[in-house]
Amino acid sequence: MTIHATPTSALAQELAAHTGRFTDKSFDWNAFPSNAGFDELARAQMRYIGAGGSPKVGDSSTLKPDNFTLSLIYKEPGKYAACHSHEIEESFLIIEGVLTVGWEKDGEVVEVRLGPKDMILNAREIGHGFRNDGVTPVLMSISVDVGKPLPPVYHYHPKEHPSELARSFGAAPGKTLPFDRNGEHPLQKLMARYVVRHNELPTIWEDAGFTRKVYVGPGGIEHDTCRKEMLGIPSRVGVKPYSRDVEEAFLVLEGSLTVGWEENGEHVETELGPRDLVKTPAGRRHWFRNNSAGPATVWSVIGSATAGEIAYRAA
């Protein structure tokens, strides 16, 4: 079979320019200069939207951020990230493996273990770190809820603190508490508001034939930054075009998804596979459809937590 190239319209070129292909990208093992020289801190970043917590803001293969960044982080067993904080919220969505996340305040730490499709929204100005205590690598999606975040502020880095203290996120022996939604410690109570278990979220069935689980937004973590949802789209299900007044990103976790754009009567579309992403700008009419035989699982990040509800219509 011979595949012939066909001319593409300006709209099709724009859609392609807003698409991040997993196979076109590489993991960057030098994304975080503060880790240099510390093998136990090694992690790799794949940037889709913006640079996140990395200073590599000039990566031309990365989509321009508006209200959030989005990247993948790969962490091998035994490695950890030193305790740090941001001026804005940062979410970790686990895709593969099990991750231990610790929050620190006044030398005390609360740790939670997150599995696939679990998420934590790390609160602003709260020291947090993460560690892979398992036997398999961790792959997760990180979103920082501002387009250009300030550099992280490190609290317990092995450059300045004993490695044992840095690895425990700043907790001395006996100062680590487990995550407990009913715990009485102030840090336990705070973290309980920001941890999302996939299996505990209600499943919302849309009349258009697909499901939503709201992680951040009405029905999930009530917040003032970005909305985050997980979509379950059965085979042969799609929706008619709609638009938002903020940007919306779809990252395919499982299966495949066709995303289309509409402008002045023209329709263009592209098919996404696992780890592929499309970022749709504010105001652009767009739709999605699952043309494959199996279901699709899609992570959706929307540029405002107050984005209005969409009345999805079946295509």
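Points to keep in mind about this one:
- Hits in the stretch 151-209 (condition: more than 30 Å from GLY37 (Cα to Cα), assigned to a loop (DSSP other than H, G, I, E, B) and polar (S, T, N, Q)): ASN182, THR203
- Of the residues VAL109, VAL138, VAL101, the single one that is surrounded by 22 or more Cβ atoms within 10 Å (Cβ to Cβ), among the β-branched types (Val, Ile, Thr), at pLDDT 95 or above and more than 22 Å from the chain's Cα centre (by Cα) is VAL109.
- In the stretch 265-280, the residues that are surrounded by 18 or more Cβ atoms within 10 Å (Cβ to Cβ) and within 21 Å of the chain's Cα centre (by Cα): LEU272, ARG275, ASP276, LEU277, VAL278, LYS279, THR280
- Selected residue (criterion: surrounded by the fewest Cβ atoms within 10 Å (Cβ to Cβ)) from residues of the stretch 244-264 that are under 12 Å from the mean Cα position of the chain (by Cα) and not aromatic (Phe, Trp, Tyr): LEU253
- Just one of the listed residues (ILE233, ILE204) is in contact with a Phe, Trp or Tyr (Cβ under 7 Å, 6 or more places away or on another chain) and either at pLDDT 95 or above or surrounded by 14 or more Cβ atoms within 10 Å (Cβ to Cβ) (or both), and it is ILE233.
- Members of the stretch 216-253 found to be assigned to a loop (DSSP other than H, G, I, E, B) and within 18 Å of GLY147 (Cβ to Cβ), listed by number: HIS223, ASP224, THR225, CYS226, ARG244, ASP245, VAL246, GLU247
- The stretch 148-167: number of residues that are of a type outside the set (D, E, K, R) and more than 23 Å from the chain's Cα centre (by Cα): 9
- Taking the numbered list (1) assigned to a loop (DSSP other than H, G, I, E, B); (2) farther than 21 Å from HIS198 by Cβ in turn, GLY260 passes all entries but (1).
- Considering each residue of the stretch 94-111 in turn, at least one proves to be in contact with a Lys or Arg (Cβ under 6 Å, 6 or more places away or on another chain), charged (D, E, K, R) and assigned to a strand (DSSP E or B).
- Search result, residues across the stretch 220-259 that are among the small types (Gly, Ala, Ser) and closer than 21 Å to ASP66 by Cβ: SER243, ALA249
- Flag for LYS148 being modelled with pLDDT of 95 or more and among the charged types (D, E, K, R): no
- Cross-chain or 6+ apart pairs with Cβ under 8 Å, the stretch 61-73 first and outside the structural domain of GLU90 (by TED's automatic domain parsing), then of a type in the set (Asp, Glu): none
- In the condition set (1) polar (S, T, N, Q); (2) within 20 Å of GLY209 (Cα to Cα); (3) touching an Asp or Glu at 6+ places or on another chain (Cβ under 8 Å), THR306 is compliant with all but (2).
- Filtered residues of the stretch 64-92 (kept if assigned to a strand (DSSP E or B) and in contact with an Asp or Glu (Cβ under 8 Å, 6 or more places away or on another chain)): TYR80, CYS83, SER85, GLU90, SER91
The values are calculated or read from the model by the stated rules, or taken from the named source; none is laboratory data. Here the structure is a predicted model, which is why all the values come from computation and not from measurement. A quick note on method: Cβ atoms are made from the backbone with ideal geometry, for glycine too, and the neighbour counts reach across all protein chains shown.
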